[in-house]
Amino acid sequence: MPDDLKHRITAMLNNELSSSEREETKRALEGNTTAQRQVAVEGALVTMLRSRREQLRERVPVDVERRIRIALANERSAQEQPAASLWSRFASLVLRPSIAIPVLGGVAAFVITTTVLKRPQAEGSSERPIPTEPVALVDLRTASYDNFASIVRGELKLVHPSSDPQELQSWFTSQGVQYAAVFPSIAAKLEGGVVSDHNGKKFAHLVYSVNDHLVYMFEVDEASVEDKSVSIDKTVNENLTHGKWHWEEKTGTGTLFMWKSNNVVCSAVSDLRTDELSALFALNEL
């Protein structure tokens, strides 16, 4: 790949190009697999570095970029499967209609409340109590981690098994989801979906599998973010606004990947590392 294109890719990801230069660079990426891989590598790295600096306030290990580049540049060799993999546990516990549940049984749902502050009042006073701001139904980042952990424990059941996006979208709609779910380009098998009910608001959830791993996705419409039914962490929101993606790794859980597609905010969690998870997505298509 020409050095000039490499420099333009870096400048584009750092928002240093004009509109015309950005469009010219995007045209140069079309059909260029090597250049598209470079965009995926650097994009994931930029977002992860920004996120880790903000959250950890310490220097990111120098081997991060090296691990990402090695993982995305080479096909990973087949690894020995553990005796009881995450996928096998999910398949045995979740894909059973007899134990499926219709919603996320309170795993990620927070009941909206309005707290009333009361002041000491003189007898006979007509002064009214002051209501506070309502609490969000869902903290998207926290709920994504919690739901993935519930899948691992076998508490969150796959309600509608299907590998057909159109069928799943029709089912989501029939269950009251008011927006079109996002089915990203991902090198993993779609297993099915779940619809959660949060005080009347319905949200779509997807589950994918790849080898012995799961990729769980929680999707919400931007309207629910704007009306504060769904809250998004400030650092995450900044990354989505300025860097398009948000990546982070959580010890003992795996990787969180968040992005926006049209009017939907998507949050994916997997036990894969950042480099492994990013390699599954066609990031240039998100």
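Out of the residues in region 113-165 that are at pLDDT below 60 and of a type in the set (G, A, S), which is farthest from S231 (Cα to Cα)? Ranking the candidates gives G124 first. If you go through region 241-252 and keep only what is surrounded by fewer than 18 Cβ atoms within 10 Å (Cβ to Cβ) and either within 18 Å of E219 (Cα to Cα) or under 11 Å from the mean Cα position of the chain (by Cα) (or both), you end up with T241, K244.
Every test in (1) free of Cβ contacts under 8 Å to residues at least 60 places away in the same chain; (2) over 16 Å from R141 (Cα atoms); (3) out of contact with any Ser or Thr (no Cβ under 9 Å at 6 or more places or on another chain) is passed by N237 save one, and that test is (2).
Considering E30, E42, the condition of being surrounded by fewer than 16 Cβ atoms within 10 Å (Cβ to Cβ) and either in contact with a helix residue (DSSP H, G or I) (Cβ under 9 Å, 6 or more places away or on another chain) or at pLDDT 80 or above (or both) is satisfied by E30 alone. Across region 167-187, what is the number of residues that are farther than 20 Å from K260 by Cα, touching a strand residue (DSSP E or B) at 6+ places or on another chain (Cβ under 6 Å) and either without any contact (Cβ under 8 Å) to a residue 12 or more places away in the chain or outside any helix (DSSP H, G or I) (or both)? Residues flagged as farther than 20 Å from K260 by Cα, touching a strand residue (DSSP E or B) at 6+ places or on another chain (Cβ under 6 Å) and either without any contact (Cβ under 8 Å) to a residue 12 or more places away in the chain or outside any helix (DSSP H, G or I) (or both) within region 167-187 amount to 2.
Yes or no, residue by residue, for (1) among the basic types (K, R); (2) loosely packed, with under 15 Cβ neighbours inside 10 Å; (3) at pLDDT 75 or above:
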site	(1), (2), (3)
E16	no, yes, yes
S19	no, yes, yes
K26	yes, yes, yes
T47	no, no, no
S51	no, no, no
L56	no, yes, no
R59	yes, yes, no
V64	no, no, no
E75	no, yes, no
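Yes or no, residue by residue, for (1) part of a strand (DSSP E or B); (2) buried (at least 24 other Cβ atoms within 10 Å of the Cβ); (3) of a type outside the set (S, T, N, Q):
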site	(1), (2), (3)
V194	yes, yes, yes
D197	yes, no, yes
K202	yes, no, yes
H205	yes, yes, yes
S209	yes, no, no
M217	yes, yes, yes
S224	no, no, no
K228	no, no, yes
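The values are calculated or read from the model by the stated rules, or taken from the named source; none is laboratory data. Everything numeric in this text was worked out from a predicted model, so none of it was measured. Ideal geometry is used to build each Cβ from the backbone, glycine not excepted, and the neighbour counts take in all protein chains shown.
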